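Q: Quick one: this structure, given as C-alpha cells, is what I'll be asking you about.
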Amino acid sequence: MKNNRRIEWIFFDVGGVLTDDVAVETWRINALTSVAQQYNPAVTRKKVEAAHQRASKMLGPINRNVFTILIKDKKQAEQALKVYYFRHRKEVDYVGSSPLRPEVLAVVKKLAKNYSLGLIANQPKEMKEKLKRANLVKYFSHLGVSKEYGMSKPDAKLFLTILKETNADPLKSVFIDDNPERGLIPAKKLGFTTIWYKHSYWGQRPFLTTSVDYTITNLNELFQILSSKKRT
C-alpha cells in the first residue's frame, strides 16, 4: 500500500542510483562467475545472478554470501573470496569507474529546495569525496555511508540509526534504491515510501516488487512522483 503522507525527507542509495555502475557490476558478475567456477564447475552466470539476488537479502557482504551459496566447502568459499578481492584490487577502481549520472546535479539541486536529502548507502568513505568534488554534498543534510557505521543494508539498524540522527519520520520519507532485496524491503518494513531505480546490471531476474511503491529508470522521473506527495 502506498503511503499518502506528504514527504519531508528523500534518502538515496548511491551505487546504481546516483552513479552508473554498469561497468563495475558487469565486471563483478563476470568475476564472481569465473572465480566460483574454479571451485564448482557447475556454476553458470545465471546461477551467479540468482545467488546475487539471494545474497542481497542476507546480512554481510554480497560477494562473501555469493561464494557461500555457490561453494559448499567453507574453506574453498573463503579462498574464492580472497581470489576475487585480489583480482578486484588489481582490475577495478570502484569509485573511479562509477560515473555520476548526468542528471544528478540538476535533480538534487532542485529537490533540495523543497526536501531534506540524505544517503543510506553501502559505500566506502571515498564515495563521499567523489560527491564533494561533484559539488553535490552541499545539497544533502545527511550523508550516511555504511563504512562509517560498521553496518550495512539490509540491516534495519543502519536505517534506524540514520533516522535517529536526522530525526526523520519514515512515514514522511522516500527511499530510492536499485536493489529491492538489499534496500527496499527493509525500508518498506519501516514505513518508507519506496522507489526502485530499475536497470539490468544483474540480468533479467525477477525482483520482488511487493515492497516497491514506484519504479523509475531516470532520476528526472522523481518529480512526477513527488508532485502528488508535496511537503506540508
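Q: Based on the Cα coordinates of the range 1-131, what is the per residue volume of their convex hull in Å³? Before the final figure, lay out the partial values.
A: Details: hull volume 18.2 nm³, N = 131.
Taking only Cα atoms, the range 1-131 has a hull volume of 139 Å³ per residue.
Q: Going down the table (LYS132/LYS172; LYS110/LYS153; LYS90/LYS110), which pairs top 32 Å between alpha carbons?
A: Working: LYS132/LYS172 27 Å; LYS110/LYS153 27 Å; LYS90/LYS110 39 Å.
Where the Cα-Cα span goes over 32 Å, the pairs concerned are LYS90/LYS110.
Q: Just tell me which aspartates and glutamates come within less than 20 Å, Cα to Cα, of LYS72; anything on the same chain fewer than 8 places away is out.
A: GLU49
Q: Place a +1 charge on the Cβ of each Lys and Arg in the range 22-91 and a -1 charge on the Cβ of each Asp and Glu, then give the dipole magnitude about the Cα centre in debye, rounded to the nearest 20.
A: Working: 14 positive and 5 negative charges, 23 e Å.
Dipole size: approximately 100 debye.
Q: Report, largest value first, the span of the C-alpha coordinates of the range 65-179 along each principal axis, in whole Å.
A: 52, 30, 21
Q: Treat every Asp and Glu Cβ in the range 123-195 as -1 and every Lys and Arg Cβ as +1, leave all other atoms uncharged, and give the resulting dipole magnitude about the Cα centre to the nearest 20 debye.
A: Values: 14 positive and 9 negative charges, 35 e Å.
Value, rounded to 20: 160 debye.
Q: Contact order normalised by length for the chain, with contacts defined as Cα pairs under 8 Å and 6 or more residues apart; what percent is it? Before the final figure, lay out each step's value.
A: Numbers: 369 pairs, mean separation 67.2, N = 232.
Once normalised by length, the contact order is 29 percent.
Q: What size of dipole, in debye to the nearest 20, comes out for the chain about its Cα centre when the only charges are +1 on Lys and Arg C-beta atoms and -1 on Asp and Glu C-beta atoms?
A: Values: 40 positive and 22 negative charges, 56 e Å.
Dipole size: approximately 280 debye.
Q: Exceeding 31 Å between C-alpha atoms, which entries from my cross-link table qualify? They are LYS75/LYS188; LYS46/LYS188; LYS109/LYS147; LYS75/LYS130. It would help to have the intermediate numbers written out before the result.
A: Working: LYS75/LYS188 36 Å; LYS46/LYS188 28 Å; LYS109/LYS147 26 Å; LYS75/LYS130 36 Å.
Beyond 31 Å between Cα atoms: LYS75/LYS188; LYS75/LYS130.
Q: At each listed q (0.19, 0.24, 0.27 Å⁻¹), what is the log10 of I(q)/I(0) that the Debye formula gives for the range 22-91 modelled as equal alpha-carbon point scatterers?
A: One equal scatterer on each Cα of the range 22-91 leads to -0.66, -1.09, -1.37.
Q: Could you derive backbone 3J(HN,Hα) for the range 121-130 from the dihedral phi with the Karplus parameters 6.51, -1.76 and 1.60 (θ = phi - 60°), listing whole Hz in sequence and x where the residue is Gly or Pro?
A: With the stated coefficients, the range 121-130 comes to 9, 7, 9, x, 4, 4, 5, 5, 5, 4 Hz.
Q: So what is the relative contact order for the range 22-91, in percent, with contacts set as C-alpha pairs under 8 Å and at least six apart? If you can, show how the numbers build up before the last one.
A: Working: 57 pairs, mean separation 20.6, N = 70.
With pairs under 8 Å counted, the relative contact order is 29 percent.
Q: Right, something else. Once each part is reduced to its C-alpha centroid, what is the distance from the range 139-159 to the range 54-77 in angstrom?
A: About 22 Å separates the Cα centre of the range 139-159 from the one of the range 54-77.
Q: At 4 °C and 1.567 mPa s, what whole-number value in µm²/s does Stokes-Einstein give for the translational diffusion of the chain, with Rh from the Kirkwood sum over Cα pairs? Could you put the intermediate results ahead of the total?
A: On the way: Rh = 18.3 Å.
So the translational diffusion coefficient is about 71 µm²/s.
Q: Also, I was wondering about something else. Taking R0 as 25 Å, what's the FRET efficiency between MET58 and THR210 from their Cβ-Cβ distance, rounded to 0.05?
A: Once the sixth-power term is evaluated, E becomes 0.85.
Every number here is computed from the coordinates shown, using simple stated rules; none is lab data. The structure presented is a predicted model; accordingly, all values stated were derived computationally and were not measured. Please note: Cβ atoms are built from the backbone with ideal geometry, for glycine as well, and neighbour counts cover all protein chains shown.
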